[in-house]
Amino acid sequence: MHIKIDINFAIEKNVEFGLNSVEIDKYKDKAKIGYQKLLEIIEKGDVGFPKLLEQTCEDITVYAKRKVGKFNDLIVIGIGGSSLGLEAILNALLPYGYNSLTFSERGGFPRIWIADNVDPYKIKWIMKHCHPSDTLLCVVSKSGGTVETISNFNVFYKWLSEEVADPKDNIVVITDPDKGLLRKWSNKCKISSFSIPKNIGGRFSVFSPVGLVPASILGLEIERMVEGAKDFVVNNIEQALLLSAIYIFYIESGYKINVLMPYTSRLSKFADWYCQLWAESLGKRYDVDGNEVFFGTTPLKSVGAIDQHSLIQLFKEGPKDKVFTFIEVLSHDGDKEIVTVVDNDMDYLKGKSLGELLNYELYATELALKNANRPSVKIIIDILDEYRIGYLMMLFMYVVPIIGLYFNINPFDQPGVEEGKNYAYGLLGRKGYEGYFKNFEQGYLKLDEYII
């Protein structure tokens, strides 16, 4: 057993507005419509993320092995799809507090820093922690011109070049194979580089060099990640159809919020990655025929058991507009037995472990929500390793497009992101964006009387 899908608390027998057996089959047929559309797009070559599983990882692992022991720090410069998938992998697989380990405790692999936001405070402190000559910069942008990424890279390159006479050995570029500023620059300067296939979008890029190069540099078994993803695609698509069917049913039933709640802190960043995948893929004003539909539901990250002490109150007694997806890990790495030293009244904990307590908390939450007629499904994982995180990520990379394509929206674009970017370019004085600057001046009008 690797990963199972449990829909018990989304069926009519257990919750109000649950599915009966006939509806499960009906909605699986709807999911198959989306799946068939996805297969057609993949076959045409318009979307390529499943084809990444046919690649060999040898060029990546060879490059990564050459870097072992040479750098104390790895700084990944990227934002959105260029960093969230990697962070999900690292959060799940690296030791908690990894950067506090010594060089030898890390096995000669570098510490990791993610320079995503153009937040001066964050960038300042990454630089404070690292020494230029002992740092490898990994800059990731498919377009080669993402303004936040290029801005951060320029700052880090200046920092690096002031200390290192020939900084090209301290840089690796991951970008478009043919075009863009980074491709042109890396070719000209003979900087090591890897290519992101043209038919791979950022939020679907984790099995491309975007995720695999930094993961391999940090010593993770990227072949096992790809193997897990491939096992899902080859042998377990039925799980994606079932999960998609549940989500489609609740979307059509008017549920507005999809909560992902793993019961492990190791999947906290996975939940962040899921939120981007879901929101950017499914939140669309227009369908593929140009009809105004304002489609989408809101993804919400929650982590058990932490959010039992905050969000569960709302989940259980607030509006009935949420469907929940729990993730359970059966065997927790490093599990510890609880020793009762505080009070004899705590004897009920004797012989139990932290992992058992965490999972009991999950079961209790499932039942409490079921009793309040709040539907949930659960993904059950035996352990958490490279294979399982690869499997889990590919599962959702199928589920989300299946939903979008069934509802006749394009899950692979993000037109709603562009307007804000263009206004920013106008404010920065970028050539060709003068009209956006003018529109900004006309539209961004605020009265002092409403600012106190």
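Values computed for the structure shown
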quantity: From the options Tyr274, Tyr263, Tyr348, residue that is more than 30 Å from Glu418 (Cβ to Cβ) and within 23 Å of the chain's Cα centre (by Cα); calculated: Tyr263
quantity: Qualifying positions in the stretch 267-295 - over 15 Å from Gly201 (Cβ atoms), hydroxyl-bearing (Ser, Thr, Tyr) and not in a strand (DSSP E or B); calculated: Ser268, Tyr274
quantity: Test: residue in the stretch 386-406 that is outside any helix (DSSP H, G or I) and either crowded, with 18+ Cβ neighbours inside 10 Å or small (Gly, Ala, Ser) (or both); calculated: no
quantity: Near pairs, Cβ below 7 angstrom, 6+ apart or cross-chain, from the stretch 261-288 (within 21 Å of Glu366 (Cβ to Cβ) and in the same structural domain as Lys37 (by TED's automatic domain parsing)) to any residue that is outside any helix (DSSP H, G or I) and basic (Lys, Arg); calculated: Ala271/Lys301
quantity: The stretch 125-141, subset part of a loop (DSSP other than H, G, I, E, B) and within 27 Å of the chain's Cα centre (by Cα), residue surrounded by the fewest Cβ atoms within 10 Å (Cβ to Cβ); calculated: Cys130
quantity: Pair list, Cβ < 8 Å and 6+ apart or interchain, from the stretch 355-383 residues that are modelled with pLDDT under 95 to residues that are of a type in the set (A, V, I, L, M, F, W, C) and surrounded by 14 or more Cβ atoms within 10 Å (Cβ to Cβ); calculated: none
quantity: Residue in the stretch 142-154 that is closer than 29 Å to Glu43 by Cα and part of a helix (DSSP H, G or I) present; calculated: no
quantity: Residue, farthest from Val139 (Cα to Cα), within the stretch 188-206, restricted to residues that are assigned to a loop (DSSP other than H, G, I, E, B) and of a type outside the set (Lys, Arg); calculated: Asn199
quantity: Residue list for the stretch 13-51, filter: outside the structural domain of Lys230 (by TED's automatic domain parsing), in a loop (DSSP other than H, G, I, E, B) and surrounded by 16 or more Cβ atoms within 10 Å (Cβ to Cβ); calculated: Val47, Gly48
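This table checks each residue for (1) surrounded by fewer than 20 Cβ atoms within 10 Å (Cβ to Cβ); (2) free of Cβ contacts under 8 Å to residues at least 24 places away in the same chain.
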| site | (1), (2) |
| --- | --- |
| Glu163 | yes, no |
| Lys190 | yes, yes |
| Pro214 | no, no |
| Val233 | yes, no |
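The values are calculated or read from the model by the stated rules, or taken from the named source; none is laboratory data. The structure displayed is predicted, hence computed values, not measured ones. Every residue, glycine among them, receives a Cβ derived from its backbone with ideal geometry; neighbour counts consider all protein chains shown.
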